[in-house]
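What follows is a set of notes on a single structure, which appears directly below.
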Amino acid sequence: MAYPFQLGLQDATSPIMEELLHFHDHTLMIVFLISSLVLYIISLMLTTKLTHTSTMDAQEVETVWTILPAIILILIALPSLRILYMMDEINNPSLTVKTMGHQWYWSYEYTDYEDLNFDSYMIPTQELKPGELRLLEVDNRVVLPMEMTIRMLVSSEDVLHSWAVPSLGLKTDAIPGRLNQTTLMAMRPGLYYGQCSEICGSNHSFMPIVLEMVPLSYFETWSALMV
């Protein structure tokens, strides 16, 4: 999860988030190089009085500064489209979980099980135990198996919400009357925190998301106890 004074993104837990991190670094380097070049040219033109009129009016220069940005945009667009298709693709999910947004809490239903569903509320600050995180802990965590493809169906019963877990690269809008879907796969066990990222009312900041990724054997034991 995030820590104080953090400048970069959270550590990647899923293959999709790893791709997003690589794309972020790739694009940031291009932006840095363009900004450095523009700053150098501006400072050069402000500090020198020498100009070459034939160079300033040459069609060759106009050709270069038209083609070069087009090439740069292609270098950004191709990896971006690849990641978009990867995020939309769903291949034989092993488990499906339905997520419903409410004002202001989440409810979860494991559709592959008959009676496995629960509501997830934020734990008030005065009820937190030592080591628990303020505004991020919930009374019922979403327990999921790691290293398995999981499909999340996301919707809402009242207003717009957004189900987001940054370390997994997930952000899916919860829209009343519409069923959106996304996939996740965690490569290591642990707790992963998220929050509603859509301004949904007065308690928007108080509906966190906690995913507990565990080995399959532990998940089977947990699901047997919950049903």
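If you filter region 116-221 for GluC sites (Glu not before Pro), then keep DSSP loop positions with at most 14 other Cβ within 10 Å, what is left? Walk me through the numbers before you get to the answer.
Numbers: sites: Glu127, Glu132, Glu137, Glu147, Glu157, Glu198, Glu212, Glu220; in loops: Glu132, Glu137, Glu147, Glu157, Glu198.
For GluC sites (Glu not before Pro) across region 116-221 that sit outside H, G, I, E and B with at most 14 neighbouring Cβ atoms in 10 Å, the list reads Glu132, Glu147, Glu157.
Considering only protein heavy atoms and a 1.4 Å probe, what is the carbon-and-sulfur percentage of the accessible area of region 1-135? Kindly include the intermediate steps, with their values, before the conclusion.
On the way: 6520 of 10210 Å².
After summing per-atom areas, the C and S share lands at 64 percent.
Mind grabbing the accessible area of Met87 for me, 1.4 Å probe, Å², rounded to tens?
That residue has around 70 Å² of solvent-accessible surface.
Evaluate the distance, in nm, between pseudo-label points positioned 7 Å from the Cα of Asn92 and of Asp11 along their respective Cα→Cβ axes.
The answer from the label model is 3.1 nm.
Just to be sure I understand: of the beta bridges DSSP finds with both ends in the chain, what percent are antiparallel, rounded to 5? Walk me through the intermediate numbers first.
Details: 29 of 41 bridges.
If I count the DSSP bridges inside the chain, around 70 percent turn out antiparallel.
How high is the FRET efficiency from Gln181 to Ser36, r the C-beta distance, R0 45 Å, rounded to 0.05?
Working: r = 42 Å, r/R0 = 0.92.
FRET efficiency, Gln181 to Ser36: 0.60.
Between Thr221 and Leu133, what's the calculated FRET efficiency when r is the beta-carbon distance and R0 is 30 Å? Round to 0.05.
Values: r = 26 Å, r/R0 = 0.85.
Rounded to the nearest 0.05, the efficiency is 0.70.
Using only the Cα atoms of region 95-226, what do you get for the radius of gyration and for Dmax, in Å?
My reading of the Cα-based Rg and Dmax gives 14.0, 40 Å.
What lysines does Lys98 reach when the alpha-carbon gap must be under 18 Å and sequence neighbours fewer than 8 apart in one chain are set aside?
Those lysines meeting the cut-off are Lys171.
Accessible surface of Asp88 in the full protein assembly, 1.4 angstrom probe, to the nearest 10 Å²?
120 Å²
So, in nm, how far is label Leu191 from label Arg82 when the simple model puts each one 7 Å beyond its Cα toward the Cβ?
Here the modelled spin labels are 3.6 nm apart.
Give the accessible area for Trp65 in Å² (nearest 10); use a 1.4 Å probe, count only protein heavy atoms, and leave out ligands, DNA and RNA.
Rounded to the nearest 10, that gives 150 Å².
What's the local net charge at Arg188, with K and R +1, D and E -1, over the other residues with C-beta under 15 Å away? Numbers along the way, then the final one.
On the way: positive: none; negative: Asp11, Glu18, Glu147, Glu212.
That works out to -4.
Given C-alpha coordinates of the chain, what is the ratio Rg to Rh with the Kirkwood estimate of Rh? Can you show the working numbers first?
Numbers: Rg = 23.6 Å, Rh = 20.7 Å.
With Rh from the inverse mean 1/r over Cα pairs, Rg/Rh is 1.14.
Which residues in region 188-205 place their backbone N less than 20 Å from a point set 7 Å from the Cα of Thr125 along the Cα-to-Cβ direction?
194-196, 201-205
The values are calculated or read from the model by the stated rules, or taken from the named source; none is laboratory data. Just so it is clear, the structure is predicted and the values come from calculations on it, not from any experiment. As a convention, Cβ positions derive from the backbone with ideal geometry for all residues, glycine included, and neighbour counts pool all protein chains shown. Each accessible area value is taken on the protein alone, full model and side chains, heavy atoms only, with ligands, DNA and RNA left out. Shrake-Rupley method; radii C 1.70, N 1.55, O 1.52, S 1.80 Å.
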